[in-house]
Amino acid sequence: MTAPGAFDEALKSEPPLLVHGGKQDFLEPAVKGTTEVLEGIQRVAANSVKRVIFTSSFAAVGAFGREDETRRVYTEQDWNPVELDQIAEDDKRLAYLASKKFAEQAAWDFQKKGVNWDLVSLNPPMVYGPLVHRVSNSADFNENMYALTRTQGLARAHLLAMDVAEAGDNRFIICAGTVTSQQIADIFRLNVLGAEVKTPKGMPGAKTLDADAYTADTAKAEKVEKVWGLKWTDMRDTFKDLGKQLLEIEAAEGQ
């Protein structure tokens with residue numbers, strides 16, 4: 001994906017073009033993969049592409065413990081403060097977070113060169129919902145965080161971003177709210193048959209989100225909801241569907 005011309009043939013296809021990132025791609029592949037797509041546009045589709053919708057991440061926004069985040073409210077103006085020389089060779093987590101920042105910055109820098117298309121960056125936090133990719137082992141799941149986006153909601157945001165003129169040249173933290181492990185456990189125990197005996201009870205109904213936790217400014221997300229027409233899936237349905245799938249994966253592991 002970093003080779004010159006790697007995306008040229010795909011870019012000749014009818015819009016929209018969907019580009020999927022690999023899980024193991026960090027730093028150089030992330031940045032060069034991004035710029036190669038954009039350079040490919042300029043080579044073979046400069047006159048036909050009107051907008052590039054970039055799937056970024058809240059990883060490009062938050063500090064993730066590298067700065068004081070006490071009650072901090074992140075906005076689209078914020079960038080992850082990590083620098084290249086701060087990343088240890090074996091620190092894959094930080095390399096992943098940094099790759100999101102530098103890939104998105106590379107896209108914005110490229111767009112400033114003077115092109116015929118505008119750029120929209122969507123920066124979701126943790127994305128929850130039934131998995132599309134195959135997972136054969138529950139150990140392969142990501143660790144969670146408490147800011148929430150539903151898979152279907154994020155997909156719809158991409159589609160809507162294609163047609164909303166004022167979205168151009170903007171970043172959007174696509175966030176439906178917050179969720180805690182206790183809330184997820186409560187939903188599993190009450191709504192997913194078979195999960196009640198496998199899910200820790202904790203303190204049902206308790207508000208366990210740290211009062212000093214950072215949050216994301218949802219003003220733009222609310223605008224996406226009201227002006228663009230994006231409708232979020234109910235949180236209970238999100239985790240109900242996910243819980244059912246988790247039980248299916250667990251059952252398959254035991255076969």
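We did not get these values from a lab; they are worked out from the coordinates using the rules stated. Please read all numbers here as calculations on a predicted model, not as lab measurements. Note that we place each Cβ from the backbone using ideal geometry, even for glycine, and neighbour counts take in every protein chain shown.
Taking only the alpha-carbon positions of segment 38-118 and ignoring solvent, what does the Debye formula give for the base-10 log of I(q)/I(0) at q = 0.12, 0.19, 0.21 Å⁻¹?
-0.45, -0.87, -0.96
I'd like the distance between the alpha-carbon centres of segment 230-255 and segment 186-217, rounded to an integer number of Å.
15
What distance in nm separates the two pseudo spin-label positions at residue 222 and residue 68, each 7 Å out from Cα along the beta-carbon direction?
2.8
Divide the volume of the convex hull of the Cα atoms of segment 166-255 by its number of residues and quote the answer in cubic angstrom per residue.
Residue-normalised Cα hull volume stands at 144 Å³.
Which whole-Hz ³J(HN,Hα) couplings does segment 56-72 yield from phi under the Karplus relation 6.51 cos²θ - 1.76 cosθ + 1.60, θ = phi - 60°, glycine and proline marked x?
3J(HN,Hα) across segment 56-72, in whole Hz: 9, 6, 5, 4, 7, 10, x, 8, 6, x, 7, 9, 5, 10, 4, 6, 6.
Taking amide H positions as placed 1.01 Å from N in the peptide plane, with prolines and chain starts having none, which residues 5 or more places from residue 215, or on another chain, fall under 5 Å of its amide H?
72, 73, 74
Tell me, what is the FRET efficiency for residue 196 and residue 126 to the nearest 0.05, using R0 = 35 angstrom and their Cβ-Cβ distance as r?
It comes to 0.90.
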